[in-house]
1. Has region 112-131 got at least one residue that is among the polar types (S, T, N, Q), in contact with a helix residue (DSSP H, G or I) (Cβ under 7 Å, 6 or more places away or on another chain) and exposed (fewer than 15 other Cβ atoms within 10 Å of the Cβ)?
2. Can you report the number of residues in region 134-150 which are more than 17 Å from the chain's Cα centre (by Cα) and either buried (at least 23 other Cβ atoms within 10 Å of the Cβ) or in contact (Cβ under 8 Å) with a residue 24 or more places away in the chain (or both)?
3. Give me a count of the residues in region 124-149 that are of a type in the set (A, V, I, L, M, F, W, C) and part of a helix (DSSP H, G or I).
4. Which condition number does Glu277 fail, the rest of (1) modelled with pLDDT of 95 or more; (2) closer than 24 Å to Pro186 by Cα being met?
5. Which residues, counting only those in region 258-290, are free of Cβ contacts under 8 Å to residues at least 60 places away in the same chain, in a helix (DSSP H, G or I) and either basic (Lys, Arg) or under 25 Å from Ala166 (Cβ atoms) (or both)?
6. Take residues that are more than 21 Å from Gln291 (Cα to Cα) and either in the same structural domain as Val298 (by TED's automatic domain parsing) or at pLDDT 95 or above (or both) and tell me which of the strands (runs of 3 or more DSSP E) falling wholly in region 153-256 contain 2 or more.
7. Of everything in region 287-311, what is β-branched (Val, Ile, Thr) and within 20 Å of Gly95 (Cα to Cα)? Give them in sequence order.
Amino acid sequence: MDRKVTTIQDVARAAGVSTATVSRTLAKPSVVAKTTREAVLTAVAETGYRVNATASNLRRQRTGSVIVLLPNIANPFFAQILAGLASVLTPAQYGMLIADTQSGPDPDERLTHYLTSGQADGLVLLDGTLSPEALEIPGRPPVVMACEWMGRDLPSVRVENGRGAAMAVGHLARLGHRAIGHVTGPQGNVLAETRLKGFRGAMEAIGLPLHEEWILEGDFTMDSGAAAARAWLTMEDRPTALFFASDEMAAGFMGLVQRAGIRVPQDLSIVGFDNIEIAQHLSPALTTIRQPRTHIGVRAAELLLSMIETGTRTGPSEVIEVEFIPGGSAGPPPPARS
């Protein structure tokens, strides 16, 4: 037996409101009064009404999708950001498509493809290594950057990276360390450059000696942290503390030096950046700088939806505070060798 399809008129009659009010409530529940919203949502539940998202998107000439481009889909750092994005996009009836900028031969070509494919109403970029010229496409959808940013008028949501580096150096200095090194992120990456600049500035401000040979290059991965550990172990004059541009590198470094018999923090103090999930499961727990990654995702999604709704490609940028997270990996320097 055929089942009668519930219409928006049925919902309006059950709620005692107009069809326009039903449409407004379902599209933007925050703009209607609480009692009206509750009446409409109750009527929707009782009648079994289902919104035809496809038809609605066709009328508005929208896809109902947002593309998130990130540089390494396997990196656990992005998990909380994606969760924050989804917590805003899903209730707004937007699907989230995730793509890896580094999975093809030319990341800029992949960005251009997604900007011109018509697959999404907007994009969230988490890769600051992409070329700004790739965004020079007339009529492209709105784009918001999260965590990273480009040297152009592009809305972004990010944290105080330089401030976080200064907090790490300041903590180590207060513990008594004067020989402090740094393991950087990849060359050309805006996060790595900003954290390195913050490290240099903090060392200078405190009046600590800056040894260029104690600045080791990494790429945000555990493997590069392990490589930095091997380099540190070969040094005759080693720094007694290291600030890492990412927790992953700190974890890779810590594991290798501990296997080599180095005690953390008795022989070497370590401070990371990001506060990823593994940080508090290391032994000892990692002292680090927290990025509120879920909040970054939430704010990026809210900004993007606002741009989509208003039909603009410009918007404000937001810089969020970082937080110092104490752990057991940083302590006073070891006694000077005689």
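The values are calculated or read from the model by the stated rules, or taken from the named source; none is laboratory data. Computed from a predicted model, the values in this text were never measured in an experiment. Reconstructed Cβ throughout: ideal geometry from the backbone, glycine too, with neighbour counts over all protein chains shown.
1. Within region 112-131, one or more residues are among the polar types (S, T, N, Q), in contact with a helix residue (DSSP H, G or I) (Cβ under 7 Å, 6 or more places away or on another chain) and exposed (fewer than 15 other Cβ atoms within 10 Å of the Cβ).
2. Of all residues in region 134-150, those more than 17 Å from the chain's Cα centre (by Cα) come to 134-142.
Next cut, either buried (at least 23 other Cβ atoms within 10 Å of the Cβ) or in contact (Cβ under 8 Å) with a residue 24 or more places away in the chain (or both) only: 134-135, 137, 140-142.
Of the residues in region 134-150, 6 are more than 17 Å from the chain's Cα centre (by Cα) and either buried (at least 23 other Cβ atoms within 10 Å of the Cβ) or in contact (Cβ under 8 Å) with a residue 24 or more places away in the chain (or both).
3. Residues of region 124-149 that are of a type in the set (A, V, I, L, M, F, W, C), as a first pass: 124-126, 130, 134-135, 137, 143-147, 149.
Now narrow it down to the ones that are part of a helix (DSSP H, G or I): 134-135.
Within region 124-149, residues that are of a type in the set (A, V, I, L, M, F, W, C) and part of a helix (DSSP H, G or I) number 2.
4. In the conditions (1) modelled with pLDDT of 95 or more; (2) closer than 24 Å to Pro186 by Cα, Glu277 misses (1) alone.
5. Arg259, Ala279, Gln280
6. On the way: elements: 156-159, 180-183, 241-244.
Fully inside region 153-256 and qualifying: 180-183.
7. If we filter region 287-311 for residues that are β-branched (Val, Ile, Thr), which is where we start, we get 287-289, 294, 296, 298, 308, 310.
Listed by number, the residues that qualify are Thr294, Ile296, Val298, Ile308, Thr310.
Residue-by-condition table, conditions (1) outside the structural domain of Phe244 (by TED's automatic domain parsing); (2) in contact (Cβ under 8 Å) with a residue 24 or more places away in the chain; (3) crowded, with 18+ Cβ neighbours inside 10 Å; (4) outside any loop (DSSP other than H, G, I, E, B):
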| position | (1), (2), (3), (4) |
| --- | --- |
| Arg299 | yes, yes, yes, yes |
| Leu303 | yes, yes, yes, yes |
| Ser306 | yes, no, no, yes |
| Thr312 | yes, yes, no, no |
| Pro316 | yes, yes, no, no |
| Gly328 | yes, yes, no, no |
| Pro332 | yes, yes, no, no |
| Pro335 | yes, no, no, no |
